[in-house]
Amino acid sequence: MAEISMIVTSIDPLAPYKVSDDLILELVSVTATVEDDSEGASVGAWWIQIVEPHELVKHQPLGGYMLDNRQVQMTCAKSAGVRLGDRIKFKVVP
């Protein structure tokens, strides 16, 4: 399983995060769900990293995210522009 295609199924606002004295970052919790589990993505838990979209790639944690029960949950800036129904491509971390 090289790449997994997922679709954003929920976006929930989180408490703002203060980056500096004059900058407050609005965050959202995003849940993406595997579109097609024919490759066995629903079996077990996997560590995955975002491949696309690029605006999310540069802000993901170094270790990536955990895919469990066909879903991954991540926190990102509201300004990243993630919307319901967006597709995100992930790769399995070796």
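The values are calculated or read from the model by the stated rules, or taken from the named source; none is laboratory data. The structure presented is a predicted model; accordingly, all values stated were derived computationally and were not measured. Positions of Cβ are backbone-derived with ideal geometry, glycine not excepted, and every protein chain shown enters the neighbour counts. Side chains are part of the model used for accessible areas, which takes the heavy atoms of the whole protein and leaves out ligands, DNA and RNA. Shrake-Rupley method; radii C 1.70, N 1.55, O 1.52, S 1.80 Å.
Selection of strands (runs of 3 or more DSSP E) fully inside the chain by the criterion of at least 2 residues being β-branched (Val, Ile, Thr) and in contact with a strand residue (DSSP E or B) (Cβ under 6 Å, 6 or more places away or on another chain) returns 3-13, 27-34, 45-52, 71-77, 87-92.
Selection within the stretch 62-74: residues that are under 10 Å from the mean Cα position of the chain (by Cα) and on the phi < 0 side of the Ramachandran plot. The member of this set that is surrounded by the most Cβ atoms within 10 Å (Cβ to Cβ) is Leu67. If I filter the stretch 75-88 for residues that are acidic (Asp, Glu) and either open to solvent by 80 Å² or more (accessible area, probe 1.4 Å) or at pLDDT below 90 (or both), do I get at least one hit? Taking every residue of the stretch 75-88 in turn, none turns out to be acidic (Asp, Glu) and either open to solvent by 80 Å² or more (accessible area, probe 1.4 Å) or at pLDDT below 90 (or both). Please go through the stretch 1-37 and pick out each residue that is touching a residue at least 40 places away in the same chain (Cβ under 8 Å) and farther than 18 Å from His59 by Cβ. Within the stretch 1-37, Met1, Ala2, Glu3, Ile4, Ser5, Ile7, Thr9, Ser10, Glu35 meet the criteria.
Just one residue in the set Met6, Met66 is modelled with pLDDT of 90 or more and closer than 19 Å to Arg87 by Cβ; that residue is Met6.
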